[in-house]
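These notes are about the structure you will find just below.
The values are calculated or read from the model by the stated rules, or taken from the named source; none is laboratory data. The structure presented is a predicted model; accordingly, all values stated were derived computationally and were not measured. In this analysis, Cβ positions are derived from the backbone assuming ideal geometry, glycine residues included, and neighbour counts consider all displayed protein chains. Just so you know, the surface numbers come from the protein's heavy atoms only, side chains and all, with ligands and any DNA or RNA stripped out. Shrake-Rupley method; radii C 1.70, N 1.55, O 1.52, S 1.80 Å.
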Amino acid sequence: MSYLNSVTLIGFVGADPEQRQAKGNGSKFAVLSVATQRSWKNAADEWISKVEWHRICVFRPRLAEYVLTTVKKGAHVLVEGSLVSSTYETSNGKGKKSKAAKITSWSIRADIVRKLDRNEQEPEAPTSAPATESGEAPF
């Protein structure tokens, strides 16, 4: 039996990426948040939409550097990676009988981050053969 943990998101960056440093080994990585949206029609035939925020962690050094230097707030990006969970405990009140609450947070460990913005000029298309006399396309 094989298993697959793969995530692909296309969305917009909510804030400029931040550089962080791991507590254990001191390695640097990038963190960014990406918003995705889904829309549907409800029973009254009205459009409803919901925005989901995703935490993206980039541990690959060259990719993290690329993200930190080129990706900015509002950028349209494609992210591919895997889903990772982290569990931690927080105290749930004061006193001797208070219990710690376990909280699980989810993030995406990115393998690919690609900008989808096309701010640069498109290169001019090479000139092709002239169209036929009737004005029809030659295909």
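Would you call Asp45 in contact with a Lys or Arg (Cβ under 7 Å, 6 or more places away or on another chain) and not in a strand (DSSP E or B)?
Judged against the criteria, Asp45 is not a match.
With the requirement that a residue be surrounded by 10 or more Cβ atoms within 10 Å (Cβ to Cβ) and in a loop (DSSP other than H, G, I, E, B), what does the stretch 1-31 give you?
Of everything in the stretch 1-31, those that are surrounded by 10 or more Cβ atoms within 10 Å (Cβ to Cβ) and in a loop (DSSP other than H, G, I, E, B) turn out to be Gly14, Ala15, Asp16, Pro17, Ala22, Ser27.
Conditions first: (1) touching a Ser or Thr at 6+ places or on another chain (Cβ under 7 Å); (2) surrounded by 12 or more Cβ atoms within 10 Å (Cβ to Cβ). Val34 passes all but one, so which condition is the exception?
Unmet condition: (1).
Tell me, yes or no, whether the stretch 66-74 has at least one residue that is in contact with a helix residue (DSSP H, G or I) (Cβ under 6 Å, 6 or more places away or on another chain) and modelled with pLDDT of 95 or more.
no
Take the residues in the stretch 83-98 that are in contact with a Ser or Thr (Cβ under 8 Å, 6 or more places away or on another chain) and farther than 25 Å from Trp53 by Cβ; name whichever of them is modelled with the highest pLDDT.
Ser91
Consider Lys102 carefully, then state whether it is in a loop (DSSP other than H, G, I, E, B) and open to solvent by 80 Å² or more (accessible area, probe 1.4 Å).
no
Looking at the stretch 56-91 only, could you name the residues that are of a type in the set (A, V, I, L, M), surrounded by 16 or more Cβ atoms within 10 Å (Cβ to Cβ) and outside any helix (DSSP H, G or I)?
Going residue by residue through the stretch 56-91, those that are of a type in the set (A, V, I, L, M) are 56, 58, 63-64, 67-68, 71, 75, 77-79, 83-84.
With the extra rule that they be surrounded by 16 or more Cβ atoms within 10 Å (Cβ to Cβ), the set shrinks to 56, 58, 63-64, 67-68, 71, 75, 77, 79.
Listed by number, the residues that qualify are Ile56, Val58, Val71, Ala75, Val77, Val79.
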